[in-house]
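K.L.:
The structure that follows is given in the form of structure tokens.
What follows draws every value from the coordinates through simple rules; no lab data is involved. The structure presented is a predicted model; accordingly, all values stated were derived computationally and were not measured. Backbone-built Cβ (ideal geometry, glycine too); neighbour counts: all protein chains shown.
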Amino acid sequence: MLTAESLEAMRVAAQAAVDKKAFQLVGLEVTELTSYADALLLCSAASERQVAAVVDGVVGSLKAAGRRPMHVEGDGRGGWVLMDYGDLIVHIFTEEKRGYYALEGLWGDAPSVSPAELGLADDGFAERS
């Protein structure tokens, strides 16, 4: 089960991503599946430039909430950025890279975090198969 702190970080990150027009958000609880994080947030952006904008939005919103990334891998030009906040890992992809890496399948056993749990409408969230 996600801690209140992890859920709040995911909520802030998801809202920031939606505010920057990210789409197909998927929140996953990985507490029982891995030791390096409690939650994953995956989202898509329409272009490499938009990936960078979503990253800036997430970093800014989480910074305002008192959280700083431990590490950021990528800059958007490769179509994928990974942001490590310790308990929360945020992945921002172009659609092409997201399809190629298919992390939803890799984490298929992880329970989903619903849009309602994140305080968001479900229109930006992807259905998991």
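K.L.:
For Tyr101 and Leu33, calculate 0.36 nm times their separation in residues minus their Cα-Cα distance, and state this gained length in nm to one decimal.
P.N.:
Values: separation 68, 0.36 × 68 = 24.48 nm, distance 1.87 nm.
Full extension from Tyr101 to Leu33 adds 22.6 nm.
K.L.:
Can you list, largest first and rounded to whole Å, the semi-axes you get for segment 59-129 by taking the square root of 5 times each eigenvalue of its Cα gyration tensor? Mind dumping the intermediate values first?
P.N.:
Values: eigenvalues 84, 68, 30 Å².
Computed over segment 59-129, the values are 20, 18, 12 Å.
K.L.:
Further question on the same structure: Separation of segment 45-77 and segment 1-40 by C-alpha centroid, Å?
P.N.:
14
K.L.:
Would you list which lysines come within 19 Å of Lys63, measuring only between C-alpha atoms, while excluding same-chain residues fewer than 8 positions from it?
P.N.:
Lys20
K.L.:
Check each of the GluC sites (Glu not before Pro) in segment 26-118 and keep only those in coil by DSSP with at most 13 other C-beta atoms within 10 angstrom; list them in order. Please list the in-between numbers first.
P.N.:
Details: sites: Glu29, Glu32, Glu48, Glu73, Glu95, Glu96, Glu104, Glu117; in loops: Glu32.
Qualifying residues, ordered by number: Glu32.
K.L.:
Throw me the Rg/Rh for segment 4-115, computed over C-alpha atoms with Kirkwood Rh, two decimals. Intermediate values should be presented prior to the final figure.
P.N.:
Values: Rg = 12.5 Å, Rh = 13.6 Å.
Result: Rg/Rh = 0.92.
K.L.:
How many nm separate the modelled label positions at Asp122 and Glu8, each set 7 Å beyond the Cα in the direction of the Cβ?
P.N.:
Spacing of the two 7 Å Cα→Cβ label points: 2.7 nm.
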